[in-house]
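Trainee: The structure that follows is given in the form of structure tokens.
Throughout, read-outs are computed from the coordinates displayed, never taken from laboratory work. Remember, it's a predicted structure, so these values are computed and weren't measured experimentally. Using ideal geometry, Cβ is built from the backbone for each residue, glycine included, and neighbour counts are taken over all protein chains shown.
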């Protein structure tokens with residue numbers, strides 16, 4: 001894929017949709033912005049190279065047009081002097097220089113079009129980057145808020161689980177306490193029985209004393 005094709009794909013990219021589909025939106029966004037910045041650097045370099053080449057072609061174009069004009073002047077001079085052979089040779093060279101000058105014209109026009117295309121691509125990508133950065137921040141903020149909500153919900157769920165567990169433990173403790181009370185009640189009953197036996201024994205003793 002050429003530089004301009006890569007730039008076109010970046011300029012036409014639907015950034016929010018790509019972020020929503022990405023497995024790791026934060027990493028994807030960082031890579032996307034980095035790609036745009038790298039392509040901008042390459043475009044800037046290509047624009048500078050193309051402008052330099054256009055300047056060179058402009059000089060070649062001027063030189064070859066000047067050479068063509070010079071050979072035409074020699075043709076006129078040779079004709080004025082009646083030098084048919086010299087005028088023929090001069091005309092042949094003039095025609096050759098004309099073809100070279102026309103070729104230089106086409107090269108200059110093509111290079112100028114390339115410069116304009118690269119400059120336009122640079123401007124479009126630069127605008128896309130300015131547009132992308134806030135969109136990336138907005139979408140990433142959305143994901144971060146969702147993660148914060150998810151963490152908060154997880155914390156609430158964990159708190160509820162802890163409350164349920166604590167409630168269950170209170171039930172176990174209450175049951176254990178109830179079970180501990182049972183032996184104490186049994187001991188009280190045993191004590192009551194012992195007291196009743198002592199009373200019965202005293203009554204028997206009193207009866208025996210009265211008989212005596």
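Trainee: Return one quarter of the surface area of the convex hull spanned by the alpha-carbon atoms of segment 1-123, equal to its mean projected area, in nm².
Mentor: In nm², the orientation-averaged hull projection of segment 1-123 is 9.1.
Trainee: Sort 87, 2, 162, 112 so the one with the fewest other Cβ atoms within 10 Å of its own Cβ comes first.
Mentor: Lowest count first: 2, 162, 112, 87.
Trainee: Still on this structure, please answer the following. What's the extension gain from residue 102 to residue 8 if we count 0.36 nm per residue and subtract their Cα-Cα distance?
Mentor: Result for the pair: 30.6 nm of gain on full extension.
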